[in-house]
Each structure stands twice: as structure tokens, then as C-alpha cells.
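The values are calculated or read from the model by the stated rules, or taken from the named source; none is laboratory data. Note that the structure is predicted; figures quoted are calculated from it, not measured. A quick note on method: Cβ atoms are made from the backbone with ideal geometry, for glycine too, and the neighbour counts reach across all protein chains shown. In case anyone asks, the SASA skips ligands and DNA or RNA and just uses the protein heavy atoms, side chains included. Shrake-Rupley method; radii C 1.70, N 1.55, O 1.52, S 1.80 Å.
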Amino acid sequence: MRVLVPVKRVLDYNVKPRVKADGSGVDLANVKMSMNPFDEIAVEEAIRLKDKGVTEIVVVSIGEQKAQETLRTALAMGADRAILIVTEDKVEPLGVAKLLAKIVEEEKPDLVILGKQAIDDDNNQTGQMLAGLLGVGQATFASKVELGADSVTVTREVDGGSETETLKLPAIITVDLRLNEPRYASLPNIMKAKSKPLAQKTAADYGVDVSPRLTTLKVVEPAKRSAGIKVADVDELVAKLKSMGVAK
Amino acid sequence: MKTLVWVEHDGTSVKDATLSTVTAASKLGEVHLLVAGHGVGAVAEAAAKIAGVGKVHVADDAAYAHALAENVAPLVAKLMESHDAFLVPATTNGKNIAPRVAALLDVMQISDILSVESEDTFTRPIYAGNAIATVQTKDAKKVISVRGTAFEKVATEGGSGTIEAVDTTGDAGVSTYVGSEIAASERPELTSAKIIVSGGRALGSSEQFHTLIDPLADKLGAGVGASRAAVDAGYAPNDYQVGQTGKIVAPEVYVAVGISGAIQHLAGMKDSKVIVAINKDEDAPIFQVADFGLVGDLFKLVPELTEKL
Ligand SMILES: Cc1cc2nc3c(=O)[nH]c(=O)nc-3n(C[C@H](O)[C@H](O)[C@H](O)COP(=O)(O)OP(=O)(O)OC[C@H]3O[C@@H](n4cnc5c(N)ncnc54)[C@H](O)[C@@H]3O)c2cc1C
Ligand SMILES: Nc1ncnc2c1ncn2[C@@H]1O[C@H](COP(=O)(O)O)[C@@H](O)[C@H]1O
């Protein structure tokens with residue numbers, strides 16, 4: 001069984017994003033970039049499924065040349081080979097989903113496991129779009145994955161609790177935070193990953209129009225909250241709450 | 001413009017998240033609703049009473065019973081032949097369905113809008129709310145998810161929508177609902193609670209979480225939330241999680257107990273009117289957004305607070 005895992009290179013989650021003064025976006029020059037945290041979980045899940053009939057894991061990224069690093073990280077974790085679709089332009093989830101659909105046609109994976117959202121644009125769309133384009137089943141926000149011979153049963157985190165669905169293969173899964181704890185790549189595996197295959201492509205190779213549909217007119221910082229006061233003790237807090245009418 | 005709003009419901013009543021989505025839709029044009037489910041007559045009746053709605057399209061079929069995106073998306077795509085915009089609340093259902101619809105319509109979805117600037121221009125948070133983008137779409141049809149806390153809720157009464165049955169598009173045959181575990185709670189739902197008390201990793205155990213946080217929440221008539229760390233450690237169920245990847249809340253008062261204030265947590269609660277924080281570390285980032293900060297040991301302070309309220 002083959003699993004495809006799309007991974008995105010994003011601003012590291014520990015870095016505080018800084019909005020550019022000219023309002024054109026968030027400053028990504030000279031800041032730490034990493035694999036989208038949800039995608040690490042997706043890669044980890046694919047690796048864990050290797051005991052359950054998965055024989056090959058293909059990771060794919062759409063982005064600038066530097067996304068190679070992200071793919072190498074996935075290879076070091078345990079993925080088998082990588083595809084980089086190089087583009088200097090920003091590709092929106094719809095465009096990403098269209099490119100992934102082409103890769104699915106070529107590679108015929110049984111499962112595609114994605115992150116539930118990329119933490120830069122917080123769109124939460126790509127997996128669902130891919131499933132829609134392919135006309136296959138989708139299980140979003142996965143917190144448990146049980147792979148069968150021709151189906152997969154997924155528990156999903158939903159408002160109010162959890163829900164379980166069974167999908168026919170091939171199927172699309174997007175992962176939530178509690179599915180697993182991604183491993184760190186060991187040094188020997190990082191070395192080994194350097195010789196694993198990484199194919200380079202362009203959007204044109206797939207004949208897909210990925211021109212953006214949205215124009216970002218401006219990006220600003222949100223209204224700042226000013227820090228309030230420290231209260232001395234519980235009595236003072238109770239008094240504050242009472243004066244606001246929160247407590248009687 | 002004619003809009004179609006996804007009605008979020010539990011089979012018997014309309015969920016609050018629908019009401020703010022109707023407000024957003026009404027800024028674009030005429031508001032039609034879609035009630036999809038199985039045996040949803042009562043929901044449709046209630047939906048028709050929502051202030052300002054026109055047609056209520058009702059798709060009543062076993063295929064829609066659990067809002068499986070594979071079955072619902074083709075239904076919405078068909079209805080979109082006669083509508084210009086599809087809006088969902090940014091609930092887990094909304095997030096699951098809308099992008100699939102967008103793909104079927106070949107449009108780029110606009111996620112989690114905070115405001116409607118014009119027919120084609122919206123604001124939305126990016127980078128966990130650390131930046132707000134104004135985006136304009138070139139797509140003729142629009143697919144939009146709406147952040148509930150950013151729009152007022154319309155009244156649940158006063159409308160006189162006309163109910164119209166729509167034909168089923170059937171079962172896509174690729175997915176089956178197996179079951180769900182939905183926690184029944186007496187407490188107000190997080191996304192509509194006026195007051196929320198949230199606990200963090202510092203609570204130390206599920207037992208302490210409940211013996212400290214629950215009574216305080218009871219005193220305040222509050223909903224209960226948690227940080228991701230508290231949820232991951234099993235102190236609280238997953239649907240309590242507030243933050244970038246959990247629930248987005250904006251109550252009148254948010255009380256953060258033993259929560260450090262990581263940006264991913266702040267993303268979910270920093271639009272609360274008043275923030276109260278209890279933390280033993282006076283430099284904890286949560287104090288940078290708190291209106292009232294109380295420095296000290298929560299195991300001493302929380303019981304005292306509960307008692308004095
Ligand atoms: C992709 C991604 C998404 C995420 N999404 C979310 C999200 O949606 N929501 C979320 O909350 N987090 C999220 N996180 C996690 C986030 O980064 C933090 O790790 C998390 O919020 C920390 O939780 P905490 O504040 O409870 O724990 P900690 O950071 O460990 O803080 C505990 C706090 O309790 C205080 N404390 C300890 N003992 C006491 C005591 N006795 N009395 C008083 N105070 C005490 C400490 O001073 C400390 O400030 C996400 C992370 C990633 C990578
Ligand atoms: N440029 C990209 N390259 C590879 N995978 C991507 C890309 N953009 C999004 N994805 C995948 O889609 C998921 C959801 O992203 P999004 O819909 O942008 O929030 C991510 O977690 C990735 O798995």
C-alpha cells in the first residue's frame with residue numbers, strides 16, 4: 001500500500017510572526033522555517049502504518065527550492081521518497097489540491113494523509129478540496145486511524161466530542177494534534193535521508209492552472225490589547241468581578 | 001446577491017453558530033438557508049423563524065443524517081446553481097463541508113472571515129490571529145466560512161421563511177458513519193458562553209481540574225475550557241480546547257487558570273471582553289493580555305475565589 005503525505009514549509013510555530021510595515025504580509029526573511037506541525041503528525045502516522053500494510057511513503061511539497069529541507073526532514077523521519085513542485089509564487093489551497101490530484105493520478109496512493117491546517121494561512125481546506133476533486137471519502141480532524149485491507153476507519157475530533165467514520169480506499173485523511181507524537185529524526189537517519197530520491201517538478205509539468213483567485217489587499221496587526229493591572233489578592237479580584245456585574 | 005447559509009443543528013434545534021453566519025450573509029444579500037439531515041422537520045420550522053431569512057431549503061434524507069461531506073457537498077453544489085455565495089459557520093461541520101463544495105464549484109474558499117468589507121472583499125485572521133489580512137476574491141461564486149465571535153447573532157424569532165423541500169442527491173457511497181461520542185453537558189456551550197473558566201497544564205490531573213475548575217465555573221454560571229496542554233494530558237476532553245486549533249471564543253469574561261498564554265492559546269481567546277488570569281509566574285505571557293492578573297498558587301487562590309464569590 002502506498003501513502004502520500006503533502007508537507008508544507010511554514011514559519012516555525014515558536015516564532016512570533018511580524019507584520020511588515022508596508023502591510024504587504026508577514027516578514028519571512030531570516031526567520032526559522034519548519035515543517036507545518038500538523039504535517040509532522042501526518043508523516044508520523046504514515047510511518048506507523050508501515051506495520052499495517054503500508055509499503056511506501058511518498059512526501060510532496062509545493063513551494064520554493066528551500067522546501068527541499070522540509071522534504072528531507074520527512075525522509076529522515078522515515079518517508080521513502082519525495083517530490084518537490086517548485087514554484088516561487090504562492091499557491092492557494094485550491095491550486096495545491098489540483099496539483100495533488102494530478103500526483104494522485106500518477107502515484108495511485110491508497111491513502112493521502114494531510115495536516116488539518118497550515119499554521120501560516122490557517123485555511124484548513126486542502127484535504128477536503130482534494131477529496132472533492134477526486135470524488136473520494138474524506139475524514140478530517142483525525143485522532144485515530146485504523147487501516148483495513150480496503151477501508152480505513154477514522155475517529156475525528158468534532159465539536160462536542162468525537163465521531164467515527166469508515167471510508168473506502170482510496171481516501172483522504174487530515175490529522176489533528178492528538179493523533180500521535182511525531183518522532184525526531186536520528187542523526188544516522190538524517191544522513192541516510194540525503195540519498196533518498198527527491199524528484200523536482202514544476203506546476204507546468206502537470207498542466208494545471210494554479211493562478212490565485214484571491215488578492216491580498218493588505219495585512220495588518222490586530223488591535224493590541226493593553227495589559228491591565230495586577231490585583232493584590234482574591235478580595236480585590238472579587239471586588240472587580242462584582243463591579244462588572246459578573247458576581248453578586 | 002443570493003446567499004445560502006448552512007444551518008448547523010443537532011437534529012432537533014438550530015445551533016447558535018448559525019445565527020452569526022446569517023448576520024454575515026445578510027451583509028452580502030438575500031439570505032436563504034439549507035437544512036440538511038434526516039427527520040429535520042422541526043429544525044426547518046425553527047430555521048424559518050430566524051429573523052430576516054427568505055427561503056429555507058430542506059434536504060431530508062438518510063444520506064444527510066450525519067452531515068457527511070461526501071453526500072452533502074454535491075447537494076450544496078447543485079443548490080449553488082441558483083445562489084451566489086455559500087456560507088458556513090466555522091464549526092467542525094462547516095470546516096469539513098465548505099472546502100469540498102468550493103472544489104466542486106472550482107472556487108477558492110475564504111476561511112474564517114471577521115468582516116464583510118464589500119461584495120468581494122473580506123478580512124480574515126492568519127498566523128493564529130497575529131495578522132489580519134484583507135482579501136478580495138475574483139471568483140464569481142463565493143464559498144465562505146464565518147468566525148462566529150466576529151458577528152452579532154440575529155434573533156431566533158421574527159422571521160417568516162418559506163420552507164421548500166429539495167431533492168436528494170443520494171449517497172455518494174464512499175463513506176459510512178459509524179458512531180459518535182458527544183459529551184452531554186449542563187454547561188453553556190463554549191462558543192456561546194458569556195463567561196468561561198479555562199484550566200491549563202498547571203492543574204496537574206483530571207481530578208484536580210474538576211475539583212478546582214468546575215466549582216468556580218458553577219459559581220459563575222460559566223462554560224469550561226482548557227489549554228491544549230491540559231487536553232493532551234487528559235485533564236479535560238478535546239472539545240474543551242481553546243485556541244488556534246481548538247475553539248475560538250470571545251466571552252464577556254475569560255478566566256485563565258494556570259495557563260501560560262502561548263500564542264496558539266491567545267489566538268482562541270484574546271477577543272474576550274475581560275480577561276482574568278491566575279498564574280504563579282508573574283512574567284507569564286498571559287498577563288500581557290489580562291485585564292486583571294492575580295499572581296500566586298492556583299491551588300490556594302482558586303478555592304478561595306470560589307468561596308468568596
Ligand atoms: C500547531 C500547534 C497548535 C496549537 N494549538 C493550541 C490551541 O489551540 N490551544 C492551546 O491552548 N494550545 C495550543 N498549542 C500549544 C501551545 O503552544 C502551548 O503549548 C499550550 O497552550 C500550553 O498550555 P498551558 O498554558 O496549559 O501549559 P504551560 O505552558 O505548561 O503553562 C502552565 C502555566 O501554569 C503556571 N503554573 C504552574 N503551576 C502553577 C500553580 N500552582 N499555580 C498557578 N500557576 C501555575 C505556569 O507558570 C505556567 O505559566 C498548539 C501548539 C502547536 C504547535
Ligand atoms: N504548499 C503545500 N505543499 C504541500 N502540502 C501542502 C501545501 N499547502 C497545504 N498543504 C497540505 O494541506 C494541509 C492543509 O493546509 P491548508 O488547507 O492550507 O490549511 C497542510 O497541513 C498540508 O498537509
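Condition (residue is facing chain A (nearest Cβ under 7 Å), farther than 29 Å from B:L190 by Cα, open to solvent by less than 10 Å² (accessible area, probe 1.4 Å) and in a loop (DSSP other than H, G, I, E, B)) applied to the stretch B:109-125: is it met by at least one residue?
Within the stretch B:109-125, none of the residues are facing chain A (nearest Cβ under 7 Å), farther than 29 Å from B:L190 by Cα, open to solvent by less than 10 Å² (accessible area, probe 1.4 Å) and in a loop (DSSP other than H, G, I, E, B).
State whether the residues of the stretch A:40-63 include one that is part of a helix (DSSP H, G or I), open to solvent by 20 Å² or more (accessible area, probe 1.4 Å), over 28 Å from A:E146 (Cα atoms) and away from ligand 1 (no atom under 16 Å from the Cβ).
The answer is no, given that none of the residues of the stretch A:40-63 is part of a helix (DSSP H, G or I), open to solvent by 20 Å² or more (accessible area, probe 1.4 Å), over 28 Å from A:E146 (Cα atoms) and away from ligand 1 (no atom under 16 Å from the Cβ).
Which condition breaks for B:L216 when tested against (1) open to solvent by 10 Å² or more (accessible area, probe 1.4 Å); (2) in contact (Cβ under 8 Å) with a residue 12 or more places away in the chain; (3) part of a helix (DSSP H, G or I); (4) over 25 Å from A:D121 (Cβ atoms)?
For B:L216, the failing item is (1).
Does the stretch B:74-84 hold any residues that are more than 10 Å from chain A (Cβ to nearest Cβ), in contact (Cβ under 8 Å) with a residue 24 or more places away in the chain and surrounded by fewer than 24 Cβ atoms within 10 Å (Cβ to Cβ), and which are they?
Within the stretch B:74-84, B:L75, B:K78, B:L79, B:M80, B:S82, B:H83, B:D84 meet the criteria.
Would you mind telling me which numbered condition in (1) among the polar types (S, T, N, Q); (2) more than 20 Å from A:G63 (Cβ to Cβ); (3) surrounded by 14 or more Cβ atoms within 10 Å (Cβ to Cβ) A:T216 fails?
So A:T216 meets the others, but not (2).
Considering every residue within the stretch B:226-237, establish whether at least one is outside any loop (DSSP other than H, G, I, E, B), touching a helix residue (DSSP H, G or I) at 6+ places or on another chain (Cβ under 7 Å) and in contact (Cβ under 8 Å) with a residue 40 or more places away in the chain.
no
Being touching a residue at least 40 places away in the same chain (Cβ under 8 Å), open to solvent by less than 10 Å² (accessible area, probe 1.4 Å) and more than 7 Å from ligand 1 (Cβ to nearest atom) is true for just one of B:V302, B:V276. Which residue is that?
B:V302
Looking only at residues in the stretch A:16-35 that are away from chain B (no Cβ under 11 Å) and under 20 Å from B:Q264 (Cβ atoms), which one is most open to solvent (accessible area, probe 1.4 Å)?
This residue is A:K32.
Consider B:Q264 against the criteria (1) more than 16 Å from ligand 2 (Cβ to nearest atom); (2) part of a helix (DSSP H, G or I); (3) closer than 25 Å to B:T92 by Cα: it satisfies all of them except one. Which criterion is unmet?
(1)
Taking the condition modelled with pLDDT of 95 or more, over 22 Å from the mean Cα position of the chain (by Cα) and assigned to a strand (DSSP E or B), does A:L217 pass?
Taking the combined requirement at face value, the residue satisfies it.
Of all residues in the stretch B:226-247 being more than 9 Å from ligand 1 (Cβ to nearest atom) and not hydroxyl-bearing (S, T, Y), which is surrounded by the fewest Cβ atoms within 10 Å (Cβ to Cβ)?
B:G234
Could you go through the stretch A:75-83 and let me know if any residue there is charged (D, E, K, R) and either touching a strand residue (DSSP E or B) at 6+ places or on another chain (Cβ under 9 Å) or near ligand 2 (Cβ under 9 Å from one of its atoms) (or both).
The answer is yes; a qualifying residue exists.
Looking only at strands (runs of 3 or more DSSP E) that fall completely inside the stretch A:128-204, which ones have 2 or more residues that are in contact with a Ser or Thr (Cβ under 9 Å, 6 or more places away or on another chain) and open to solvent by 20 Å² or more (accessible area, probe 1.4 Å)?
Output list reads A:137-147, A:151-158, A:161-168.
In the set B:D171, B:D167, which member is in a loop (DSSP other than H, G, I, E, B), more than 17 Å from the chain's Cα centre (by Cα) and within 20 Å of B:P99 (Cα to Cα)?
B:D171
Give me a count of the residues in the stretch A:84-118 that are near ligand 2 (Cβ under 10 Å from one of its atoms) and open to solvent by 20 Å² or more (accessible area, probe 1.4 Å).
Selection size over the stretch A:84-118: 6.
Check B:V154, B:V178, B:V143 and return the single one that is surrounded by 18 or more Cβ atoms within 10 Å (Cβ to Cβ), in a strand (DSSP E or B) and more than 14 Å from ligand 1 (Cβ to nearest atom).
The unique qualifying residue is B:V143.
Which numbered condition in (1) part of a strand (DSSP E or B); (2) surrounded by fewer than 20 Cβ atoms within 10 Å (Cβ to Cβ); (3) more than 7 Å from chain A (Cβ to nearest Cβ) is the only one that B:T134 fails?
All conditions are met except number (3).
Would you check if B:T191 is within 10 Å of another protein chain (Cβ to nearest Cβ), under 17 Å from the mean Cα position of the chain (by Cα) and within 16 Å of ligand 1 (Cβ to nearest atom)?
yes
Is it true that some residue in the stretch A:100-110 is within 12 Å of chain B (Cβ to nearest Cβ) and not small (G, A, S)?
yes
Out of B:N93, B:N71, I need the residue that is in a helix (DSSP H, G or I), open to solvent by 20 Å² or more (accessible area, probe 1.4 Å) and in contact with a Phe, Trp or Tyr (Cβ under 9 Å, 6 or more places away or on another chain). Which one?
B:N93
In this structure, is A:V7 more than 16 Å from A:E221 (Cβ to Cβ) and either in contact with a helix residue (DSSP H, G or I) (Cβ under 7 Å, 6 or more places away or on another chain) or open to solvent by 40 Å² or more (accessible area, probe 1.4 Å) (or both)?
yes
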